[in-house]
Amino acid sequence: MSVAPDAATDVPELSKQELRRNIFNMVWPVTAENVLHFLIGFINTAMVGRLGAATILAVGLSGRVSRFVWIIFNAIGTGTTVLVARAVGAGDPLRMRRVAQQGLLLAVSLIGVVGAVVFIFAPSLFLVFKVTPEALPIGTAYLRMLVFSMPFQALLIVIGAILRGIGNTKIPMQIAVVTNVIIVALNSVLIFGRFGFPALGFRGPAISTIIGQAVGAVIAVKYLLGDGSRVKLGLEDFFSFDSQLIKRLLSIGLPSSAEMAFWQLASVVIVRLINGFGTEAGAAYQLGLQAEGISYMPTAGFAIAATAFVGQSLGARNPHLAERYVKEIVRWGIVFTSVTTALLVFGPRVLMGMLTDDEAVIAIGAQYLLIMGFSQIPQQTSGTLNGVLRGAGDTVTPMISAGIGIWGCRIPLSFLFSKWFGITGIWWAINIDQFARLLITGSKYLRGKWKENVGDGLEEEDSEG
């Protein structure tokens with residue numbers, strides 16, 4: 001069901017100050033969580049970075065393999081966030097709880113099978129990336145240990161998606177604080193062997209991750225089942241499947257996962273191409289991605305805010321409010337990204353030097369960060385607008401944008417430019433991809449049809465049922 005964009009409800013108009021306060025009340029916990037993830041990841045990577053280029057490459061590629069797993073759970077999380085937000089905006093707590101319950105049930109049902117596949121086929125998954133012989137056994141052992149953290153991570157993803165759909169970003173932040181403090185504290189002990197513990201090397205981060213995420217998952221589940229969560233899920237009807245609701249949830253989430261799949265499949269091609277330049281080049285790319293995360297910290301929060309506020313506003317049948325939220329979110333996203341871009345452009349060697357003492361890796365990684373600085377504003381603006389479209393229930397446009405940008409620009413231009421300019425050509429191909437995606441997503445946003453999809457987002461389910 002849709003109505004004209006100006007058919008807003010009679011909700012009192014929010015002032016600009018109220019609008020901004022709402023945005024930052026949601027954004028600052030996500031930003032704090034992202035800063036924490038970045039700092040912890042930075043520290044952990046710096047620890048691993050002292051174990052040699054082969055270990056850096058192996059651990060970095062393990063993260064890439066793991067991201068293929070999260071493609072599945074991203075579908076569940078995205079669909080859950082959107083439908084929870086729409087139900088909240090429509091003032092329907094029973095429907096909100098039903099969406100949350102089905103999202104969790106679907107995640108729990110899938111994780112065992114997914115984890116078993118990763119454990120069994122770990123060596124083959126690494127060979128897909130054309131991993132160097134010295135890194136293969138390290139990566140295989142590390143990934144097989146990491147499999148045991150996947151059930152906890154799946155729960156954290158879906159519960160975080162539920163809470164963000166409600167508008168609660170503080171609890172996921174607090175859980176992230178506990179989880180990551182545990183991980184980094186254990187890493188410092190287990191990697192190098194302190195306080196009587198043996199030095200476990202690359203196995204240390206895997207064990208730390210399992211323990212930290214297990215604690216985080218227990219806290220998240222306990223909160224969700226408690227009275228303070230607004231969800232108040234009970235166990236009595238937890239195992240009842242609602243096929244129509246799951247179908248609707250996946251119809252929203254799967255295009256978003258296809259978007260991730262485009263990137264992850266392309267990363268196989270890109271990493272293979274980069275690894276062809278040597279172990280140092282592959283290690284530099286993995287560390288460069290970690291350092292580049294400094295630019296994602298604030299803007300990831302704005303994208304989440306865009307999805308939640310657009311979903312809630314359209315659920316309340318107020319597209320005008322949704323549009324006001326978007327303009328304010330995009331404006332502030334650009335401000336914050338301009339600051340973080342300066343860090344990449346003016347301090348790339350400093351950032352890389354914090355992660356490794358290998359001069360060859362530092363030189364290649366610093367070049368990557370400098371060039372990536374030119375695409376940060378279009379990349380982050382596109383990400384925010386994708387959040388807007390997802391909040392409106394349109395997850396197809398971000399998928400198309402990613403597909404064209406990655407497979408129409410990044411991949412073919414990486415092969416072409418790398419022949420002309422070496423590894424530098426790959427970095428410039430990635431830049432062009434980001435500008436292409438902004439053009440596609442921005443054009444769809446400016447057409448304005450996303451404002452017409454009002455209501456709780458489940459009318460399609462109801463009409464089918």
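One line per residue, one yes/no per condition, for (1) in a helix (DSSP H, G or I); (2) modelled with pLDDT of 75 or more; (3) hydrophobic (A, V, I, L, M, F, W, C):
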position	(1), (2), (3)
87	yes, yes, yes
104	yes, yes, yes
116	yes, yes, yes
127	yes, no, yes
134	no, no, no
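Is it true that some residue in the range 258-279 is without any contact (Cβ under 8 Å) to a residue 60 or more places away in the chain, touching a helix residue (DSSP H, G or I) at 6+ places or on another chain (Cβ under 8 Å) and not acidic (Asp, Glu)? Checked against the condition, which is being without any contact (Cβ under 8 Å) to a residue 60 or more places away in the chain, touching a helix residue (DSSP H, G or I) at 6+ places or on another chain (Cβ under 8 Å) and not acidic (Asp, Glu), the range 258-279 yields no hits at all.
Being farther than 28 Å from residue 399 by Cα, among the aromatic types (Phe, Trp, Tyr) and touching a residue at least 12 places away in the same chain (Cβ under 8 Å) is a description that does not apply to residue 152.
Residues in the range 375-390 that are surrounded by fewer than 24 Cβ atoms within 10 Å (Cβ to Cβ) and among the basic types (Lys, Arg): none.
Taking residue 393, is it out of contact with any Phe, Trp or Tyr (no Cβ under 7 Å at 6 or more places or on another chain), buried (at least 21 other Cβ atoms within 10 Å of the Cβ) and modelled with pLDDT of 85 or more? Taking the combined requirement at face value, the residue does not satisfy it.
Yes or no: the range 300-321 includes at least one residue that is of a type outside the set (Lys, Arg), in contact (Cβ under 8 Å) with a residue 24 or more places away in the chain and surrounded by fewer than 19 Cβ atoms within 10 Å (Cβ to Cβ).
yes
For the range 396-426, enumerate the residues that are among the small types (Gly, Ala, Ser) and either crowded, with 20+ Cβ neighbours inside 10 Å or within 20 Å of the chain's Cα centre (by Cα) (or both). Correct list: 401, 402, 403, 405, 414, 418. Within the range 435-443, not a single residue is modelled with pLDDT under 90, of a type in the set (A, V, I, L, M, F, W, C) and over 20 Å from the mean Cα position of the chain (by Cα).
Taking the options 30, 65, 3, name whichever one is modelled with pLDDT under 65 and aliphatic (A, V, I, L, M).
3
From the list 274, 246, the lone residue that is surrounded by fewer than 21 Cβ atoms within 10 Å (Cβ to Cβ) and at pLDDT 80 or above is 246. Annotation note: of 169, 179, 81, the sole residue that is under 21 Å from the mean Cα position of the chain (by Cα) and at pLDDT 85 or above is 179. From the list 210, 219, 183, the lone residue that is within 30 Å of residue 97 (Cβ to Cβ), part of a helix (DSSP H, G or I) and of a type in the set (Val, Ile, Thr) is 219. In the set (1) in contact (Cβ under 8 Å) with a residue 60 or more places away in the chain; (2) within 27 Å of residue 310 (Cβ to Cβ); (3) assigned to a helix (DSSP H, G or I); (4) not acidic (Asp, Glu), residue 171 fails one condition alone, (1). Close contacts from the range 404-423, counting a first residue that is assigned to a helix (DSSP H, G or I) and a second that is modelled with pLDDT under 85 and small (Gly, Ala, Ser), with Cβ to Cβ under 8 Å and a gap of 6+ residues or different chains, come to 406/266; 407/266; 410/266; 411/266; 423/281. When residue 292 is tested against (1) over 19 Å from the mean Cα position of the chain (by Cα); (2) at pLDDT below 80; (3) not hydroxyl-bearing (Ser, Thr, Tyr), exactly one condition is not met: (1).
Among the conditions (1) modelled with pLDDT of 85 or more; (2) in contact with a helix residue (DSSP H, G or I) (Cβ under 9 Å, 6 or more places away or on another chain), the only one that residue 353 does not satisfy is (1).
The values are calculated or read from the model by the stated rules, or taken from the named source; none is laboratory data. None of these values were measured; they are calculated from a predicted model. With ideal geometry, Cβ positions are generated from the backbone for all residues, glycine too; neighbour counts draw on all protein chains shown.
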